[in-house]
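Contents: one structure, followed by commentary.
All of the numbers you see were taken from the coordinates with simple rules; none came from a lab. Note that the coordinates shown come from a computational prediction; the quantities given were computed from them, not determined experimentally. All Cβ positions, glycine included, derive from the backbone under ideal geometry; neighbour counts span all protein chains shown.
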Amino acid sequence: AKDDRKFSVLIAGGGSTYTPGIVLTLLNGLDKFPLRKLKFYDNDGERQKKIADATAILIKERAPEIEFEATTDPKEAFTDVDFVMAQIRVGKYAMRSLDEKIPLKHGVVGQETTGPGGIAYGLRSIPGVIELVDYMEKYSPNAWMLNYSNPAAIVAEATRRLRPNSKIINICDMPIDIMDRMAAIVGLKDRNDLVFRYYGLNHFGWWTEITDKQGNDLMPQLKEYVSKNGYWVGGDYDKGTEASWESTFKKAADVYKLDPTTLPNTYLKYYMYPSWVVKHSDPNYTRTDEVEAHRQKLVFGECKRIVDNGTAKDTDFKPDEHSTYIVDLCTAIAYNTHQRMLAIIPNEGAISNIDPTATVEVPCLFGSNGPERLSMGKAATYQKGMITEQNSVEKLAVDAWVEHSYTKLWQAFSLCKIVPDAGIAKDILDEMIVANKDFWPELK
Ligand code: NAD
Ligand code: LMR
């Protein structure tokens, strides 16, 4: 029979800087993933409205048959929805800035998803994402949620534990971005031309095999390139890449050297070279300041331009790896394609010598029943040690939130590879408790 379904999609975190990219990708891909309805939900109506007003113009010009609505009302937002694309930032950039700056003041890496900053953000995100899951289950129990909200590792561990049967799939665009770079390095069109094996935790993983569609091994060529240039492609490819990302992609050369049998995720630089990272950080101007000056300014500036001109015909908003990945995932679930893609899911044997209850990032086949994990075999000794330690940090962070436990949170901070000792961990923690008083449970 002819499949004439059309889908209803909700973007939760409609005010996110990533929303216009997703809208563009959806509008460009209506032949593969047809929409009947697009909704935005955010708890900051004013921020969301700036993106929504521009989106309304885009839709009117390109696909007026799609019903569009932006709301701050959970019932209105989550009713009659097939897919939720979640990308919230609880505490927004103001809190992210503190996540970065408080540790740096103590000589420790200050980063969105890594170390004390990542744990602090985790304790804010857990209730925010759980709330979205509960709204979805209440108003659209058959829907799927694809969640980008960070820190994905801690959020995924929390949803594994607190909402084990919910239809949330936690995802990350970092390996996707890197695989697009790998494709460019070997002269292929994009990541979909690569077949890969990858394992680890979120922001903490390694590729063990990469071939082309014909099965030719691409690892030797990639390793040769990465050992010199990291994942930096340069030229037109990297026009517009921000300074901090240039440094991160280049630093992957040094991260690679620690284990020349695999290719690393870029985020491992924070764990392997923390003193280098701190030395190259400015405690008064961190990634948040760069995002506010660059991405946020560009996105909100372009929305305003569209609204002021009353047209989006000449907009430079375009699809990117972040937006195409989430739309590809929805398409794979909607049409049961069993496409092979990464997700952050309960291990349950995917990495055979790692705790089955760890939340790991591995390739899965995506179909109408969700992700089916592929077996990646054993982690090598080096990776096993790293993963076991970091996963314990993530579990302790969730324990601390559930049990309101100061001690568990202190343990999480001090076990973290990038924190030199328990005293410094405590100093950072005590400062973060004050900074996060509107978001964290009161710790005992
Ligand atoms: P942003 O601050 O621009 O947007 C986030 C939006 O979420 C804001 O409009 C905010 O008002 C809203 N929000 C906050 N708390 C909310 C809540 N409880 N309910 C509803 N809405 C809420 O952030 P951004 O930089 O665009 O990033 C969005 C999210 O995506 C972040 O969590 C970021 O870390 C994440 N991200 C993930 C990946 C990945 O690969 N997993 C990649 C990039 C960004
Ligand atoms: C962002 O704000 O862009 C992050 O989600 C990742 C990064 O670039 O720091």
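Of the numbered conditions (1) loosely packed, with under 15 Cβ neighbours inside 10 Å; (2) in contact (Cβ under 8 Å) with a residue 60 or more places away in the chain; (3) within 13 Å of ligand 2 (Cβ to nearest atom), Thr241 fails exactly one; give the number of that condition.
Against the list (1) loosely packed, with under 15 Cβ neighbours inside 10 Å; (2) in contact (Cβ under 8 Å) with a residue 60 or more places away in the chain; (3) within 13 Å of ligand 2 (Cβ to nearest atom), Thr241 comes up short only on (2).
Take the residues in segment 157-199 that are free of Cβ contacts under 8 Å to residues at least 12 places away in the same chain and in a helix (DSSP H, G or I); name whichever of them is nearest to Ala332 (Cα to Cα).
At the first step, the residues of segment 157-199 found to be free of Cβ contacts under 8 Å to residues at least 12 places away in the same chain are 164-165, 183, 187, 189-190, 192.
Filter again for in a helix (DSSP H, G or I), leaving 183, 192.
Details: Ala183: 21, Asn192: 13 Å.
Checking each candidate, the answer is Asn192.
I'm checking my understanding of the structure. Among residues of segment 149-166 that are among the charged types (D, E, K, R) and surrounded by fewer than 19 Cβ atoms within 10 Å (Cβ to Cβ), which one is nearest to Thr359 (Cα to Cα)?
Residues of segment 149-166 that are among the charged types (D, E, K, R), as a first pass: 157, 160-161, 163.
Next, only the ones that are surrounded by fewer than 19 Cβ atoms within 10 Å (Cβ to Cβ) stay: 161, 163.
On the way: Arg161: 10, Arg163: 14 Å.
Among those that are among the charged types (D, E, K, R) and surrounded by fewer than 19 Cβ atoms within 10 Å (Cβ to Cβ), it is Arg161.
Which of the residues spanning segment 421-444 are of a type outside the set (Val, Ile, Thr) and under 27 Å from the mean Cα position of the chain (by Cα)? First the steps, then the outcome.
At the first step, the residues of segment 421-444 found to be of a type outside the set (Val, Ile, Thr) are 421-423, 425-427, 429-432, 435-444.
Listed by number, the residues that qualify are Ala425, Leu429, Glu431, Met432, Ala435, Asn436, Lys437, Asp438, Phe439, Trp440, Pro441.
Please list, ordered by first then second residue, the pairs with beta carbon atoms under 6 Å, 6 or more apart or interchain, first in segment 416-444 and closer than 17 Å to Val398 by Cα, second of a type outside the set (Val, Ile, Thr) and surrounded by fewer than 18 Cβ atoms within 10 Å (Cβ to Cβ).
Going by the 6 Å Cβ cut-off, the qualifying pairs are Pro441/His404; Leu443/His404; Leu443/Tyr406; Lys444/His404.
Being within 13 Å of ligand 2 (Cβ to nearest atom) and surrounded by fewer than 18 Cβ atoms within 10 Å (Cβ to Cβ) is the filter here, so list the residues in segment 263-296 that pass it.
Answer for segment 263-296, where residues must be within 13 Å of ligand 2 (Cβ to nearest atom) and surrounded by fewer than 18 Cβ atoms within 10 Å (Cβ to Cβ): Asp289, Glu290, Glu292, Ala293, His294, Arg295, Gln296.
Does at least one position in segment 135-142 carry a residue that is within 15 Å of ligand 2 (Cβ to nearest atom), over 19 Å from Trp440 (Cβ atoms) and buried (at least 20 other Cβ atoms within 10 Å of the Cβ)?
Taking segment 135-142 first, the residues within 15 Å of ligand 2 (Cβ to nearest atom) are none.
Scanning segment 135-142 turns up no residue that is within 15 Å of ligand 2 (Cβ to nearest atom), over 19 Å from Trp440 (Cβ atoms) and buried (at least 20 other Cβ atoms within 10 Å of the Cβ).
Whether any residue in segment 247-262 is away from ligand 2 (no atom under 16 Å from the Cβ), under 30 Å from Pro64 (Cβ atoms) and out of contact with any Lys or Arg (no Cβ under 7 Å at 6 or more places or on another chain) is what I want to check.
Our first condition is that a residue be away from ligand 2 (no atom under 16 Å from the Cβ); within segment 247-262, this holds for 253-262.
So of that shortlist, the ones also under 30 Å from Pro64 (Cβ atoms) come out as none.
Looking for residues that are away from ligand 2 (no atom under 16 Å from the Cβ), under 30 Å from Pro64 (Cβ atoms) and out of contact with any Lys or Arg (no Cβ under 7 Å at 6 or more places or on another chain), one finds none in segment 247-262, hence no.
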